[in-house]
Amino acid sequence: MKPALAYAAADGTFAATWLLLAFPAVGAAILLLGGRRANRWGPVLACLAAGAAFVLGLVLFAAMLGRAGDDRAISQHLFSWIPVNGFQVDAGLLLDPLSMCFVLLVTGVGTLIHIYALGYMAHDPNRRRFFGYLNLFVVAMLLLVLGNNFLALYVGWEGVGLASYLLIGFWSARPSAATAAKKAFIVNRVGDVGLSIAIMLMFATLGTTSYAGVLGGIGALGANSGTVTAIALLLLLGACGKSAQFPLQSWLLDAMEGPTPVSALIHAATMVTAGVYLIARSAPIFNLTSDGRLLVTIVGAVTLAIGAIIGCAYDDIKKVLASSTMSQIGYMFLAVGLGPAAYAIGILHLLTHGFFKATMFLGAGSVMHGMNDTVDMRRYGGLRTVMPITFWTFAMGYLAIIGFPGWAGFFSKDKIIEAAFDKGGTSGWVLGTVALIGAGVTAFYMTRLMIMTFFGERRWDPDAHPHESPAVMTGPMIVLALGSVISGFALTFGGGLQQFLEPVVGRSAEEGIHTISPTVLTLITLLVVAGGAAAAYRQYGTQAVPRTAPQAVSPVTVAARRNLYGDAVNESLLMRPGQYLTRALVFVDGRGVDGVVNGLAAGIGGSSGRLRHAQTGFVRSYALSMFGGAALVLAVLLLGRLG
Amino acid sequence: MTPTDIPAPSIAYGPLWPMIAVFLAAAIGVLVEAFVPARRRRPVHLVVALAGLTGGLVAVALVARNHHHPTLIAERAVAVDGPTLFIQGTLLLLGIAAVLLLGERSLDSTGGTFVAAAAVVPGSRGERQLTASSTMQTEVFPLAMFALGGMLLFPASNNLLLMFVALEILSLPLYLLAGLARRRRLLSQEAAVKYFLLGAFSSAFFLYGIAMLYGYAGSVDLGAIFTATGTVGSNDTLLYLGIALLSVGLLFKIGAAPFQNWTPDVYQGSPTPVTALMASGTKVAAFGALLRVFYVAFGPVRWDWRPLMWGVAILTMGVGAVLAITQTDVKRMLAYSSIAHAGFILTGVVALNRSGLSGSLFYLLAYGFSTLGAFAIVTLVRDADGEATHLSQWRGLGRRSPALAGIFALFLLAFAGIPLTSGFTSKFAVFSAAISSGATGLVVVGLIASAVAAFFYVRVIVLMFFEAPAPDGPTIAVPSVLTYGAIALAFAVTVVLGVIPGPLFTLADKAALFVR
């Protein structure tokens, strides 16, 4: 079960691993420091930098396939980072099958989003800065997945947080964007504290933060020991923050304030996948703690349910997609929480999700682009004929996410549901049922989105003149749509991805005992999905959609429209007590601490003013004081001698 | 007795070359003054002075490489050991930066910082003409070089008489230089006179102290005094009189309380490049001499003078930090800050152990460069009347010239002892040495004084960055490469010693052993 911890040295082609980081890093540096000169060619350079990293990723991937399965983890030592006694941290990279998956996803989908943004942001005056941040985002994410120790991961982790803050708040003139950026940053901090404490615990107990040392040595602490569980739970807290999982999910919806390519980047290629990566990377830790794993699955299940329910209620197309991300990441958490059996499935879903979610976000951006940046689906309708390419690519993403047979989601999501049931026992049934119902609800809200956007009567605003987007935008959409169709099949063909990941996360229990026969379960799932889609069609396809959201709705809908009171809970549990605490502290500080400090300062200032008078400017008084001083010195020495 | 009966002393000239190079350059400077046409004097002076200082630096490096064993040469009068070479290296580097500042002349529309003829009556018509003329008194270069030569000799003297000679060599040119400011002549002349009178007064104390010590030990050799303190039966009163009076002279030069009165007036009135030289070079040299006298000669009677030095250190830190708060002039504020720092370095002296010595050496280098850099920046902030030194004129400087204000802020943070600047590492070094020698109480006072001092440093930063600029505020003059070079050197040292202090600590630690 243990991953191979003897990493091969980076020689030959792999000596170029560091260039993966260098390309976008140089791009970001040139764009952000280059000033106005870079305005014209900067965005293209950013695309080239991301593209170069992707091409290099492909080359390395090919080279990796040429090596034996156990020999595929390549570690590259860069430099000695913190060489203090007893605390040795080397900056180094680790390229193994797991990080390779992420590298290809981040750079591949990332590059397509870069190209798309060329069209989407064509008229923005701060385009150069935007592309610089995009490159920065890619660097941070690559560092996160490529570091060979938890500290490097943490640096990347914070870098992702910073880049997301800058990008979500890119239109900082809008107060809502600035607030959303701040919210994302602060909620992420909560998770980051967990991660940082986890890293400190690792160092305190194991004396190292390198993957080789921690993951190889964690077994010595014993299964289910308190320390291991504590580390696992703290890592989970970190993962929840970055991946917008319950209870730290509230920032993701607000983060839609960023430009749409940013949303696509955050949701499909970077950021939210970091939590899944962290847990998959820490597989040896989670393997040792059944409580930790159970909590991961619970978090995943709860979030997938919350996300699915919220998704049904929103009229804002981007927020629907955002809730669906939350829900899909929930599936991934559920999968990686199931233990060695399902890590590969979780990663598989992550990859297919990367394709179809990016497709749909870019499609949504394309729709907004044609509709004067309107996001309210009640003002859409009948766009199928005006924006044919957007429609067809979006439809591919749609079929993939609901798990239509043959499309990507069918291969990944159904496997997760299956694996959840296979966990066995009550928890297996509960988790499996939640996942199954989640699939039905997903079908409902996605069908609703499709119908409200592309079908039915045209409920456009009078000044809307929808048109198809330029080729620079539709091109990436077509490529991603293709990925949404075939990626599921391609990655599972002959057990491809699972075998590829096996050296890192352990063997999948493909041949294990099934609670429900896979064929039967697939049929049930399809039925549930069909039911969800049909329900949506009955409500939105056969009746006219009102242009304003109806107010007389069920309490569930009201709750869902308010994020299931997630913000209210945050507010009453965290923000309010925090504010009271702050106020109390301010009071103590203002009256007590400041009183003392100000009193002291006034005292010192006063004595300073008085002492100043001794500085008369007359040489005679200076000489006198020198003489007095000399007399004093003499007296002290001689009297001290006598006494 | 004929003169030939006196045996000529044998002198090994090799290790003296750092000083010889500088004095030679100074002497050549005098010749340049006499024979080179006025138009070309400034560049020639610059080349000669820089060549002398660089030569001295090379000589220090060579001596350090070739003389592993510390020696006393020239009849035990000059000590060539670790501290001497470390301080001489520091002084030569500071000297190079200071000479660069002295040579600057693109700041003032009419020429350099120095007056064309110092003897003209302030306020007279002749003075106005001179202010408008573009000539300058190029004697500043040989004068500064003589002062630097004296500074090199001062901490190297193992013989009190030689030390006194060195003290006068370094002081006399400075008295003159203090009076040479082009603008605000009256203030400058007043500073020169005050400095001279009080300096002469303190020299008298110093000389009297030497006499007492000679009476006690029968010799002015530091080693002989050390030996005498170990023998029973000598007249102790003479010894303590000597220690006290000698201390007065030395404490005056480092600007320690209660002998600090002259510092703000002189620092404010002198031309700023000269102030930079005084605040860095003089302080380093005087501390070198103070360390040598107390470590080499007075070590055995430490229990008698340590309480005194405790008191002086506490008083100095307190006076410097407290009085700086109410200053409204940048140069005066920096003067009080230099007083407070003298107090901090004194804690390293009081420690009287090897880490105290190495910490003090490190502190002197770090502080010398920060303060030189700070004064260099003061020369750049100008209005129609010359330098704009009133703090209110510095309001909002960070918006007009973020880079310059940023560098000044870095120097202030270094003074305040904020980590990642040289100020933190050096304070840490002397304070930890003081604690290891049992002077915890002194360190507590030092920390409180640091906190008080941080207030007025940070206040200036706030003033520069968070307040709106005054409408008729000063302009930032664009200097030539000379001032840029000096500021860049100071900046680099301040940052590098804050981030990677290790190598210099090792060097200072290796150097921290006096020869007796």
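What distance in nm separates the two pseudo spin-label positions at B:Val444 and A:Thr13, each 7 Å out from Cα along the beta-carbon direction?
The answer from the label model is 6.8 nm.
For A:Ser210, list long-range residues whose amide hydrogen, built 1.01 Å from N in the peptide plane, is under 5 Å from its own amide hydrogen.
Amide H to amide H, under 5 Å and 5 or more residues apart or across chains, A:Ser210 pairs with A:Phe150.
Each residue of the stretch A:49-63 in order: what ³J(HN,Hα) in whole Hz does its phi give by Karplus 6.51 cos²θ - 1.76 cosθ + 1.60, θ = phi - 60°, with x for Gly and Pro?
4, 5, x, 4, 4, 5, 4, 4, x, 5, 4, 5, 4, 4, 5
Mind listing the Cα extents of chain A along all three principal axes, in Å, largest one first?
That gives 106, 62, 51 Å along the principal axes, largest extent first.
Considering every residue in A:624-631, what mean count of other chain Cβ atoms within 10 Å of its Cβ is obtained?
Mean shielding count: 6.
Compute the angle between helix A:496-505 and the longest alpha-carbon principal axis of chain A, please, reported from 0 to 90 degrees and rounded to the nearest 10.
Orientation of helix A:496-505: about 30 degrees from the principal axis.
Which of the lysines could a cross-linker bridge to A:Lys318, judged by Cα under 21 Å and excluding same-chain residues fewer than eight apart?
Excluding near neighbours in sequence, the set is A:Lys182, A:Lys183, A:Lys242, A:Lys357.
Taking B:Lys194 as the anchor, which lysines have their alpha carbon closer than 19 Å to its alpha carbon, excluding any fewer than eight residues away along the same chain?
Answer for B:Lys194, where 19 Å is the Cα cut-off: B:Lys253, B:Lys283, B:Lys331, listed by chain and number.
Based on Cβ point charges of +1 for Lys and Arg and -1 for Asp and Glu, what charge dipole magnitude is obtained for the protein assembly as shown about its Cα centre, in debye rounded to the nearest 20?
Charge dipole, the protein assembly as shown, about its Cα centre: 1700 debye, nearest 20.
For the charge dipole of the protein assembly as shown, defined by +1 on Lys and Arg C-beta atoms and -1 on Asp and Glu C-beta atoms about the Cα centroid, which residue among A:His123, A:Thr273, B:Ala21 has the Cα displaced farthest towards the positive pole?
So the residue furthest toward the plus end is A:His123.
³J(HN,Hα) across the stretch A:394-404 via Karplus (A = 6.51, B = -1.76, C = 1.60, θ = phi - 60°), whole Hz, x for Gly/Pro?
4, 4, 4, x, 4, 4, 5, 6, 7, x, 5
Å³ per residue of the Cα convex hull, for the protein assembly as shown?
219 Å³
With the Cα gyration tensor of chain B in hand, convert its eigenvalues to equivalent ellipsoid semi-axes via √(5λ) and list them largest first in whole Å.
After diagonalising the Cα gyration tensor, the semi-axes are 35, 28, 21 Å.
How long are the three semi-axes of the equivalent ellipsoid for the stretch A:322-437, computed from the Cα gyration tensor as the root of 5 times each eigenvalue, in whole Å, largest first?
32, 13, 12
Can you compute 3J(HN,Hα) from phi for each residue in the stretch A:622-637, using the Karplus curve 6.51 cos²θ - 1.76 cosθ + 1.60 with θ = phi - 60°, rounded to whole Hz and x for Gly and Pro?
4, 4, 5, 5, 4, 5, x, x, 4, 4, 4, 4, 4, 4, 4, 5
If I take R0 = 60 Å and measure r between the Cβ atoms of A:His465 and A:His514 in this structure, what FRET efficiency does the formula 1/(1 + (r/R0)^6) give, to the nearest 0.05?
According to the calculation, E is roughly 0.65.
For helix A:594-612, report the angle its Cα long axis makes with the longest principal axis of the Cα atoms of chain A; keep it between 0 and 90° and round to the nearest 10°.
Helix A:594-612 sits roughly 40 degrees off the main axis of chain A.
Can you give the percent of C-alpha pairs in the stretch B:399-516 whose distance is more than 22 Å?
Here the tail beyond 22 Å accounts for 50 percent of pairs.
Enumerate the helices in chain B for which the Kyte-Doolittle hydropathy averages 1.0 or more and the C-alpha atoms extend at least 24 Å along the helix's axis, using complete DSSP H runs.
Both cut-offs are met by B:17-35, B:82-103, B:160-178, B:236-254, B:330-351, B:354-378, B:440-466, B:481-499.
In Å³ and rounded to a whole number, note down the convex hull volume per residue for the Cα atoms of the stretch B:108-199.
It comes to 86 Å³ per residue, whole-number rounded.
If you fit an axis through the alpha-carbon atoms of helix A:576-587 and take the longest principal axis of the Cα set of chain A, what angle between them do you get, 0 to 90°, nearest 10?
Rounded to the nearest ten degrees, it is 10.
We did not get these values from a lab; they are worked out from the coordinates using the rules stated. If you're wondering where the values come from, they're calculated on a predicted model, not measured in any experiment. All Cβ positions, even for glycine, are placed from backbone atoms using ideal geometry, and neighbour counts span all protein chains on display.
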